[in-house]
Each structure stands twice: as C-alpha cells, then as structure tokens.
C-alpha cells in the first residue's frame, strides 16, 4: 500500500475512532448525569468534546429589502419630522385645507415629477429629513417659474440677496435661483446651516427659512427673558411663519396616506428623470430640443434658469431627459463646427437684451390719507391696484392712518405691453399661470374671457407681460 494511501487511511480511521469515542462518552455522560454521579469537571470535559464534533449551525441570510419603485414611497420611508408630533390644531387646520383641495398636491406632484427624485437623492446624501422634498410644494407649488412680490424666484423661492450669498448668479440672461440643480444645492446648504444654528431643531430651521434667522432668534430671546418656552410652537412669530411649519407637516401627513384624504398621487418612478449633458458653446434651447427629439417645453422646464432660452451666463451644461441624454451627447460630439452653427442663438437675441431698459416711470404722485379712507377707495380713485399700492408703500396690511402719505407711480400710458401666448400644461390653473408671469389673476381672466375656471392641457392663453 503506498504511503499516501496509508496515511489517508490512518487519518480517516483516527477521525472515525474519535467520533465513536465522542458519541460513546456523550451517551455515557448523559446517563451518569441522569443518575447524579458525574463530577462537574467531567461534565465540562464531555461538553467540550461533544461541542467539537457537532455540526456548524445553518445561518439563513436575511432577505434584502428591495428599493421602492415609487419615489413617494421612498420619501415616506425617510420621513423624520413626524416623531413626537402630537395632536396639534395648527397642523389639523392645514391638513383639512389640503384634504379639501386635493388638486393642489396632485398638480404640484405632477409638476415636481421632473425634479423630486433628484431632490430626494441629495437629501439622502446629507441624511436630511425627506419631508424637505415637499418644501418646494409649499414654496412654489413645484413651479420653477414661480415669482413672488418680494422678488423670490424658483422652486425654493430665493430672494436676490440670499441667492447671491449662496452663489446663485443672476443676470439678464440667466438666473441661478431658477436653476434646478444649483438652487437645490443652495437650499440644502441654507437649511443645513440653519439646522446647525438652531442646535439641531428642524422646526426652528424651517421657521428661519421662511422668516429669516434674525426674526426667529429675536423671538427666542424674547421668550427666554420672559421665562417662556423657546420651542417653535410657543414663539411669537409672524402669522405666515406660524402657518409655514404646520403646512409642511400637514402636507407630509397627507403624503403618508393620500387615499385617506381623497388625494390621488400619480406614481413617480424611483429613477433619475434627467441627466447632465456638458456643452461647450452657446445653444438655442428650441434648436437643441429639435435635434434631440425632446419636447421644447419639457427642455425649458428642466432648464428654466436660461431666461431667453439660450445657454448664456450659466454653467456649461443642460439637464436633459434621461432617455434622450445619450442621443444629444452623441449628436453634439459628431457635429462639425459649421453644423454646430445651426444650434447657436440668433444674434438678434443679444441685441434685444442689450437694448432692453427697465420699465420707465414717468411720474410719481403722493396722496395724503384722509379720515375714512382705506386702500380700496384710494386705489379706485387713483385707478391703481390695491396690491401695487401696498407694494409701492411697503404695506403688509390694509391699515392706514389719517395724515399718512402714500406714494403712487404712473407708468407711461403710451408704452406697449409685451404680449405672449401660453400653452396650458397638465396641472396648470389660472392662479399658477398668473403667478408664473407675475400678473393678477383677475387680469388673466379678463384677457381670456372664454377660458373658464378649469383649464385644459393644450389650451392657449393670452398674457400681457408687465414691464
């Protein structure tokens, strides 16, 4: 017998002998233990020997949780602000409004379907509450063209000064406050800074995002001096800010269980809606859309920062629907220099921008308030709008004092207003269209007497743009 076979045989024989001894010892020791005659040391040795011949336990791997297919569900899994929130009448009041107006969230969700996945991913990267992905719904109804009377712009409604502080470039051709990616990063930077400033309290951070950190800090100092609680719910804040945080919390509760509130949220695929395509030249968005077979309105909604629909003054990139990104990238890389000329904006665009001047004010008038006057009667008598009157005089309410002087502005009667046609998109309403173009809804109704209250996708509206 060869030595290798002999050694193998001896090894196998020894293994079987050891196993037989172990089994015999185990059986014997079990019998001894039952009769009570085995010493503790013998029990320990028997246990150790038995353990050596036992089979290893079978470990069943835990099932890996699948990523949700719907962004709404992904958001729900990342909600963090609901913990510790008890029954609160301020939240209930806002939740009742959303339940009574389901079209608001449905419309905001449809508009936001282009951007929500991107925002959720950026929030997750920073381990921030995913309720914050609903903040643009509160701020702008997820309309990147939204513009407020305080000159706040974009999904996140940055005012000019705050936008500049967070490096959002603003020129006559490009406004970074409308840039989807740039404004989102800026908003999350701002919210993170506020979160740190208020010692990790997200509710105070949100209040400061709305009212400013100074307003919230002063309210906290006041309560501290009076020995009062300094949490968000007990601070003396402006009414808008008192409603702001409950509005976000209520909206997130509706998103948690939309069916319970009669809201129909269309699913949003849990995958990137757009990709970044690098560009090296000035391009006309309408021509790019035609080249890559992209709906022009969709391309504009993804790149709303380019105010004249030309890629000037902004970053050298375009956001393009994922399905079309490769086509555009390949087309641009294969085009000859002379072919690229066809994608460049016409020189006329730049001439128009260069020749533009601010709205010309021909005269300023003043009016001294008389006893019994109010804003409505004054506005009517002077043929101006109440909101304009408030804006010119920085009035937050409608209260006036006798003897108070109001400033009024007359724009040139002979100046022509620029008129544009707007094609109604899914989820639009008269209110949202008016807000988008910074015009009064009552004027929009007057310009479109046959439009009706409920707009239909594809319908065309006439809009007279303000100077």
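Details
- Lone qualifier among 146, 187, 137 - being farther than 23 Å from residue 434 by Cα, under 17 Å from the mean Cα position of the chain (by Cα) and buried (at least 19 other Cβ atoms within 10 Å of the Cβ): 187
- Criterion (assigned by TED's automatic domain parsing to the domain that holds residue 184, at pLDDT 95 or above and surrounded by fewer than 22 Cβ atoms within 10 Å (Cβ to Cβ)) met by exactly one of 114, 132: 114
- Checking each residue in segment 163-188 for being in a helix (DSSP H, G or I) and under 20 Å from residue 142 (Cβ atoms) picks out 163, 180, 181, 182, 183, 184, 185, 186, 187, 188.
- Candidate set from segment 312-351 (those that are outside any helix (DSSP H, G or I) and more than 25 Å from residue 169 (Cβ to Cβ)); member that is modelled with the highest pLDDT: 335
- All of (1) assigned to a helix (DSSP H, G or I); (2) within 23 Å of residue 433 (Cβ to Cβ); (3) at pLDDT 95 or above hold for residue 107 with one exception: (3).
The values are calculated or read from the model by the stated rules, or taken from the named source; none is laboratory data. As the structure is a prediction and not an experimental result, all values here were calculated from the model. Reconstructed Cβ throughout: ideal geometry from the backbone, glycine too, with neighbour counts over all protein chains shown.
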